[in-house]
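Below: the structure, in C-alpha cells.
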Ligand SMILES: *Cc1c(COP(=O)(O)O)cnc(C)c1O
C-alpha cells in the first residue's frame with residue numbers, strides 16, 4: 001500500500017515512514033477535540049470532518065508560508081474575480097494534490113473505514129451554474145499547481161445552485177443549504193472586513209484651494225466579511241485561497257429604531273442587508289436584471305478591490321504608479337466589470353489621485369474574459385436602477401464614456417459608429433453596456449475558444465476590434481485533469497501509469513505516449529475492464545436514482561450539461577422518437593443497444609428548458625416500458641447534475657453529445673472531460689469541438705451539422721422550418737408525435753410550445769436544419785461501436801491527444817500573454833522528524 005509515491009511524500013514535510021504515524025495522531029486529535037468524538041459513537045460524517053480538518057492543518061501551514069514569501073518577494077498577484085465558483089467536493093482532490101491519498105487511505109483502514117465511503121459524506125460546494133463557474137474552479141487549481149501568486153475572489157452564497165428533484169417528469173427546485181452541514185474547508189477571517197456602500201446621493205465639496213470634488217453620501221452600508229477556502233496545487237507546496245465575501249449588517253442594529261422602541265424593525269433591517277449574499281442567481285447564459293444581483297456584483301468587486309489595495313499599501317505605501325506591477329484583476333465575464341469604475345473611485349475619492357493618473361493605472365490592471373455572444377446573455381443595466389444603487393459609479397462611467405467617445409471623434413470616427421460603441425445604449429430606458437465598459441477599461445479581452453474569439457472580433461465587437469485590435473486574444477479553455485481523471489477515474493489513471501509511467505501526472509501533454517498502446521490488445525483489455533467497472537458503477541447509480549435497469553455492455557450515450565435550447569437536448573429527444581419508431585416499424589432491426597443518459601438543470605424561470613426536461617421523461621417512459629424495444633434502447637434522466645455526479649458520469653461514457661447550434665457554445669468544457677476519459681465525441685463544428693477535431697482528426701470524432709457559414713447562408717436565403725416540416729415525412733412524423741402521439745405526457749397539447757418553437761416559431765436553433773445530418777451520423781456511430789477493437793483504439797487516441805485541453809496550458813497562456821506574471825516556487829523544506 002505505502003511506498004508507491006514515496007518520492008512525492010518527501011516533498012511534504014515528513015518521511016513516509018513516520019508520515020503515517022503522525023497523520024494518524026493528528027487525525028485522532030481532530031476527531032476528539034474538534035469533532036468531539038472518540039472511537040466509539042462515531043458516524044461516517046464525524047470521520048469525514050476529522051479527516052478534512054487534518055488535511056486543512058497542512059493546507060493552512062503551507063498557505064501561511066506561501067503568503068509570507070509573496071510578501072517578502074513583493075510578487076505580482078492575480079485576482080481572479082468571478083461571481084461563480086463551481087467547486088464540488090474537496091476531500092479527495094485535496095488529498096491527491098498534496099500527495100496524501102495513500103497515507104489517508106492507510107490511516108482510515110487502521111480505524112476500519114474506507115476512504116471512498118467517507119468521501120461520500122461531503123456535500124458539493126456548488127456556488128455556480130455550469131461551465132463558467134466550473135472553469136473558475138479549474139483555473140484556481142491550475143494557478144496553484146503552476147505556483148502563480150494568485151487568489152480566487154467570489155461570493156459566499158448561503159444557498160448554492162438549487163437541488164433538482166424530478167416529480168412526475170417535471171423539475172422541482174429545492175434549496176441548497178450547503179452551510180448547514182459544517183464546512184471544514186473554510187476559515188473565517190474576522191480580521192478582514194470592509195464597508196460597502198449603496199444608494200444615497202452625491203454632494204459637491206469645494207476644498208480650500210477652490211477645487212471641487214464629488215462626495216458620495218451613501219444611503220446604506222453593509223460590511224463584506226472574508227472567508228477563505230484553501231486550494232492546494234498538485235506536487236508543489238503552493239496553496240492558494242478562494243476568498244469568498246459574505247454581507248453582514250453595517251451596524252449591529254439601527255439605533256434610531258431602538259430609540260423609538262422598534263426592536264423588531266431593527267432586527268429586520270439587519271436581516272435585509274445580510275440578504276445580499278443569501279442566494280446564487282440560478283441562470284446560466286441568461287441575464288436577469290435584478291437589483292439584488294447588481295448589489296451582489298458590487299459587493300464582490302468593492303470588497304476585492306479594497307482588500308487588494310490594503311495589501312498593496314502595506315507593501316508599497318502610496319506609490320500607486322507601481323500598482324500595475326503588483327496586481328492584475330481577471331474578470332470572469334462582465335459580472336465583475338464594476339471593478340473598473342470601483343478602482344477609479346477608490347483611487348480618486350479615497351486615495352486622492354487625479355483622473356488621468358487613475359485611468360492610466362486602472363487600464364493596465366484588468367483583463368476581461370467574454371463567455372458568450374448570445375444577445376440574451378449580454379449584461380446591461382438600466383441607468384435608473386444603476387444610478388439609484390450606485391450614483392457615484394454612474395458619474396464615473398459617464399466620464400469614462402465621455403473621454404472615450406471624444407477620443408474617437410478626434411480620430412474622425414463617424415457618429416453612427418460612435419453610437420454603437422458607446423458604453424451607454426441610447427434606448428428607453430437608457431442602459432449601461434457592461435461589455436463595452438469592460439473592453440474600454442481592460443488591457444486585454446479574450447474569448448474562450450478560437451472560433452469564439454473570431455466571432456467576438458468579427459461579429460460581436462467588430463468596431464472595438466478595429467480600434468483596439470491589440471487588446472483581443474484567444475485563450476481556449478481547459479480543465480484540471482487532476483480532478484477529472486486522477487481523482488474521478490483513479491483506476492484508469494493507474495492503468496495508464498502502468499504503461500507510460502507517471503510523468504503525465506505533472507504534465508498532461510505527456511499522456512500522448514499512450515497512443516503507442518492504442519492498438520495493443522493487452523492494454524485494450526485492461527482499459528476495457530476498467531471502463532466496464534466504471535459503467536457498472538454508474539449503472540448502480542442509475543438503478544437507485546431512476547429505477548431503471550441498464551446494461552453496462554450497451555453504449556453509454558451521454559448528454560449532460562445545463563438544459564438550454566442552444567445546447568439542443570431536444571434535438572437528441574427528436575432522435576430518440578425517430579429511433580423508437582424505426583425499431584417499432586422494423587421489429588427485428590439490428591439496433592446497437594444504447595443507454596441514453598441525460599442530466600442537467602434548467603433555470604427555474606426558463607419555461608421551454610423545463611418543458612424539454614418533461615419531454616425527455618415522457619419519451620423515457622414510453623421507450624423504457626415497451627417490451628418490443630427491450631434492452632435495445634433505454635433512456636434515463638439523472639436528477640441533480642453537479643460536479644460530484646459528473647465525476648461518476650464522465651469515466652463511464654462511450655459517446656459524448658456536444659450538439660449545440662454552430663456559433664452558440666463559446667467553448668464547452670464538458671467536451672474535454674469526456675475526451676480525457678475516453679469517450680468519442682458526436683458534435684457540431686462549435687466552440688472547442690473544433691479544436692478537439694483538429695487534435696484527433698476526422699477518423700476519431702463524429703462531426704455533423706451545418707457550419708456557422710452554412711447557417712448564415714441559410715439565414716440569408718431564408719430559413720423556413722415549416723417548409724421542412726411539411727415536405728419531409730420523417731420530420732413530420734417525429735414532430736407530430738410530440739403533438740398528438742404516444743409521447744403526449746398524459747396531457748393534450750403539453751408539448752405544443754416545443755412544436756411551435758420548431759415550426760412557426762422559426763426554429764431559432766436550427767434543429768430541423770441539422771436533424772437528418774444528426775440521424776445519419778448516429779447511424780454511423782452505431783455501426784462503428786460494434787467494432788470494439790477500433791472503437792477502443794480511437795477512444796484511447798482521444799485520451800492520448802487531450803493534452804492541449806489541460807487548464808495548465810490555458811493558465812500558462814494567461815500568465816504569459818495577459819497577466820505578465822512568473823511562478824514563485826516554494827522551497828522544499830528539509831525532512832524533519834516529529
Ligand atoms: C463541466 C461542467 C459543466 C459544463 O459543461 P458543458 O458541457 O461545457 O456545458 C457544467 N456543469 C458541471 C457540473 C460540469 O462539471
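The values are calculated or read from the model by the stated rules, or taken from the named source; none is laboratory data. Every value quoted in this text rests on a predicted model; they were computed, and no experiment measured them. Neighbour counts run over all protein chains shown; Cβ positions are idealised from the backbone, glycine included.
Only one entry in 113, 79 is buried (at least 21 other Cβ atoms within 10 Å of the Cβ), more than 14 Å from residue 238 (Cα to Cα) and in contact with a helix residue (DSSP H, G or I) (Cβ under 8 Å, 6 or more places away or on another chain), namely 79. Taken together, 667, 660, 644, 656 contain a single residue that is within 12 Å of the ligand (Cβ to nearest atom), under 26 Å from residue 705 (Cα atoms) and not in a loop (DSSP other than H, G, I, E, B), which is 656. Contact map, region 783-801: residues that are on the phi > 0 side of the Ramachandran plot paired with residues that are outside any helix (DSSP H, G or I) and surrounded by fewer than 19 Cβ atoms within 10 Å (Cβ to Cβ), Cβ distance under 8 Å, separation 6+ or inter-chain. No pairs are found. Does region 508-523 contain at least one residue that is crowded, with 16+ Cβ neighbours inside 10 Å and within 16 Å of the ligand (Cβ to nearest atom)? The answer is no; no qualifying residue exists. Scanning for something more than 16 Å from the ligand (Cβ to nearest atom) and over 32 Å from the mean Cα position of the chain (by Cα), does region 701-713 turn up at least one residue? Yes, region 701-713 contains at least one residue that is more than 16 Å from the ligand (Cβ to nearest atom) and over 32 Å from the mean Cα position of the chain (by Cα). Condition test on residue 748, is it within 28 Å of residue 695 (Cβ to Cβ) and surrounded by fewer than 13 Cβ atoms within 10 Å (Cβ to Cβ)? Here the answer is no, as residue 748 does not meet what is asked. Taking the conditions (1) touching a helix residue (DSSP H, G or I) at 6+ places or on another chain (Cβ under 6 Å); (2) under 30 Å from residue 297 (Cβ atoms) in turn, residue 66 satisfies each one other than (1). Take the conditions (1) within 16 Å of the ligand (Cβ to nearest atom); (2) under 24 Å from residue 306 (Cα atoms); (3) without any contact (Cβ under 8 Å) to a residue 60 or more places away in the chain; residue 188 misses just one of them, which is (1). Just a yes or no: is a residue in region 614-626 within 16 Å of the ligand (Cβ to nearest atom) and either in contact with a strand residue (DSSP E or B) (Cβ under 9 Å, 6 or more places away or on another chain) or more than 30 Å from residue 378 (Cβ to Cβ) (or both)? Taking every residue of region 614-626 in turn, none turns out to be within 16 Å of the ligand (Cβ to nearest atom) and either in contact with a strand residue (DSSP E or B) (Cβ under 9 Å, 6 or more places away or on another chain) or more than 30 Å from residue 378 (Cβ to Cβ) (or both). Residues considered: 171, 165, 151. Of these, the only one that is outside any helix (DSSP H, G or I), away from the ligand (no atom under 15 Å from the Cβ) and touching a helix residue (DSSP H, G or I) at 6+ places or on another chain (Cβ under 7 Å) is 171. Within region 582-612, being in contact (Cβ under 8 Å) with a residue 60 or more places away in the chain, assigned to a loop (DSSP other than H, G, I, E, B) and surrounded by fewer than 24 Cβ atoms within 10 Å (Cβ to Cβ) holds for 591, 592, 602, 603, 604, 605, 606.
Counting only strands (runs of 3 or more DSSP E) that sit wholly inside region 177-219, those with at least 3 residues that are touching a helix residue (DSSP H, G or I) at 6+ places or on another chain (Cβ under 6 Å) are 186-198. The residue pairs whose first member lies in region 403-416 and is surrounded by 10 or more Cβ atoms within 10 Å (Cβ to Cβ), whose second member is not in a helix (DSSP H, G or I), and whose beta carbons are closer than 8 Å, counting only pairs six or more residues apart or on different chains, are 404/423; 405/422. Counting residues in region 723-730 that are more than 16 Å from the ligand (Cβ to nearest atom), in contact with a strand residue (DSSP E or B) (Cβ under 9 Å, 6 or more places away or on another chain) and not in a strand (DSSP E or B) gives zero. For region 782-795, indicate whether the set of residues that are under 26 Å from the mean Cα position of the chain (by Cα), surrounded by 14 or more Cβ atoms within 10 Å (Cβ to Cβ), modelled with pLDDT of 95 or more and part of a helix (DSSP H, G or I) is non-empty. The answer is yes; a qualifying residue exists.
Selection over region 731-745 of residues that are loosely packed, with under 15 Cβ neighbours inside 10 Å and modelled with pLDDT of 95 or more gives a count of 1.
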